[in-house]
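The values are calculated or read from the model by the stated rules, or taken from the named source; none is laboratory data. Just so you know, these numbers come straight off a predicted model, no measurement behind them. Every residue, glycine as well, gets a Cβ built from its backbone with ideal geometry; the counts of neighbours run over all protein chains shown. Ligands, DNA and RNA are stripped out before the accessible areas are found, and what is left, the full protein with its side chains, is counted by its heavy atoms. Shrake-Rupley method; radii C 1.70, N 1.55, O 1.52, S 1.80 Å.
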Amino acid sequence: QVTCIEVVETYVERIKEVNPLINAVVKDRFEEALQEARQVDKLLSEGPGDDCLEEKFPLLGVPITVKEAFSLYGMPNTSGLVNRRNVIATSDATVVSRLKQAGAIPLGVTNCSELCMWYESSNRVYGRTNNPYDLQRTVGGSSGGEGSVLGAACSVVGVGSDVGGSIRMPAFFNGVFGHKPTTGVVPNDGQFPNAHGVRTSFLCTGPMCRYAEDLEPVLRVMAGPGVSKLKLNEKVSLEKIKFHCMDHDGGSIFVSPVDKELLQAQRKVVEHLESDLGVQVQRVAIHKMKYSFQIWSAMMSSKDSEGQEAQRFTDLLGDHGKPVWPLWELMKWLVGMSSHTLPAIALGLTEKVVNLNLSGKAKLVSMGKSLQEEMEALLGQDGVLLYPSHPTIAPKHNSPICMPFNFAYTAIFNVLGLPVTQCPLGLGSEGLPLGIQLVAAAYNDHLTLAVARYLEKAFGGWVLPGKV
């Protein structure tokens, strides 16, 4: 019905209109994108039948955006680190290359937190990204630019990565869908920083979209040959899914209590599933979830099976230069002379503290393994767990520093290796997005994606900012 050039021009205009407010796209490639759109239209006008093209280029002409931490040829690849500000990608990350080969057209790269390790997308290279539903609110992190650009209807699909909730928190705060696949299926190559040692089992690359139905085709392309492990061709009968529900983590002292409005939204989901599908949603209380932050933290800094130490965050901050001394950086920050953000400095300090108590760390790693077995047993091949995406709705800028461990609600599933889909549930009383996490056992991504499509129909999915 419309040409590819019309579609791309429309998205380019939308970005130009709202990006001065949200600061999500940090570098664009509009000229190249428009040129690629013309080539798509040329291909369609003279090419073979539609079926053949659809098979070869499943994402033909679809405008996408890419988290700046991923290599996109000709675009910056700093991950918000000042001493990388002159780094320009000379190749494409594996997932970016696959999306381009499938016909997708990148419009540009989007903001993230410094070194992708904080849930406020702000850094000393590009500044701060704002939430399209309320500019005074955070977009989450580290794929916060992607969350914001999608929530603001400036892109169709986003490329995100997630080691502690970096796809799901921004998707939640900005009212869109995000999927953290089962660990080890979608390649992480070509992003900075990449995972080393034990963290290769926790870092996941995945899709972010405004519409639930777009998650699966994009995931197929991202996963490439590995897609067969995910059972995406299996038909899902929602009535046969065993649903479980947990309202909160059990009351961790490190984490905020779950917001009443989020609890209410989750209750509505349970009621809808029970009345519409005739299923019985089983309430569960998994005691170890109370220690989610401690388990994640211990497992992130543990040695891998070959005894290799996890890469230190302070080394990454130095980026092949001298490691950063967090205490010295804190002094410099207090007088406005540090090139690092306060959350990055704080993480460097906590990293040192975590490594002081080695026996306590070993106990927590063992607890994590035991929790993984418990989760896999509970969910089996036909279970889905409903769990809050975050204890609060999108917080105001800078306030996450007061409750730095709230990301534990998403992070725990990285170290457990489970697939999770973040699903929006409309807007709350303040006009901010509500949402829920859908969790399944490893390689059962097809279950959470199917439930997300179902809940989108029931609760309305993404809502255009400013519409209500």
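Per-structure values
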| item | result |
| --- | --- |
| Total residues in segment 218-263, condition over 25 Å from Q280 (Cα atoms), without any contact (Cβ under 8 Å) to a residue 24 or more places away in the chain and either touching a Ser or Thr at 6+ places or on another chain (Cβ under 6 Å) or in a helix (DSSP H, G or I) (or both) | 2 |
| Any hit, segment 6-26, residues being open to solvent by 50 Å² or more (accessible area, probe 1.4 Å), touching a strand residue (DSSP E or B) at 6+ places or on another chain (Cβ under 7 Å) and either under 18 Å from T129 (Cα atoms) or not β-branched (V, I, T) (or both) | no |
| Segment 55-86, subset touching a residue at least 60 places away in the same chain (Cβ under 8 Å) and open to solvent by 40 Å² or more (accessible area, probe 1.4 Å), residue nearest to V12 (Cα to Cα) | P58 |
| Selection count where residues are part of a helix (DSSP H, G or I) and either in contact with a Gly (Cβ under 6 Å, 6 or more places away or on another chain) or at pLDDT 65 or above (or both), scope segment 351-367 | 10 |
| Subset tally (residues that are open to solvent by 10 Å² or more (accessible area, probe 1.4 Å) and touching a residue at least 60 places away in the same chain (Cβ under 8 Å)) for segment 402-417 | 5 |
| Of the criteria (1) assigned to a helix (DSSP H, G or I); (2) of a type in the set (A, V, I, L, M); (3) surrounded by fewer than 24 Cβ atoms within 10 Å (Cβ to Cβ); (4) modelled with pLDDT of 95 or more, which one A442 fails | (1) |
| Residue match in segment 16-34 (condition: hydrophobic (A, V, I, L, M, F, W, C) and over 25 Å from the mean Cα position of the chain (by Cα)) | yes |
| Contacts under 8 angstrom Cβ, first residue in segment 368-380 being part of a loop (DSSP other than H, G, I, E, B), partner not polar (S, T, N, Q), 6 or more apart | G380/K242; G380/A441 |
| Which numbered condition G140 misses (of (1) crowded, with 24+ Cβ neighbours inside 10 Å; (2) more than 18 Å from the chain's Cα centre (by Cα); (3) not in a strand (DSSP E or B)) | (2) |
| Residues within segment 36-73 that are farther than 20 Å from T90 by Cα and assigned to a helix (DSSP H, G or I), tallied | 17 |
| Residues of segment 381-405 satisfying the condition of being modelled with pLDDT under 95 and either assigned to a loop (DSSP other than H, G, I, E, B) or aliphatic (A, V, I, L, M) (or both) | N398, I401, M403, P404, F405 |
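Rundown of residues vs (1) over 17 Å from the mean Cα position of the chain (by Cα); (2) at pLDDT 95 or above; (3) surrounded by fewer than 22 Cβ atoms within 10 Å (Cβ to Cβ), yes/no style:
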site	(1), (2), (3)
G147	no, yes, no
G164	no, no, no
A171	no, yes, no
N174	no, yes, no
P193	no, no, yes
C209	no, yes, no
P225	yes, yes, yes
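Here's the yes/no breakdown for (1) buried (at least 24 other Cβ atoms within 10 Å of the Cβ); (2) under 9 Å from the mean Cα position of the chain (by Cα); (3) outside any loop (DSSP other than H, G, I, E, B):
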position	(1), (2), (3)
G103	no, no, no
L107	yes, no, yes
S155	yes, no, no
R199	no, no, yes
T205	yes, yes, yes
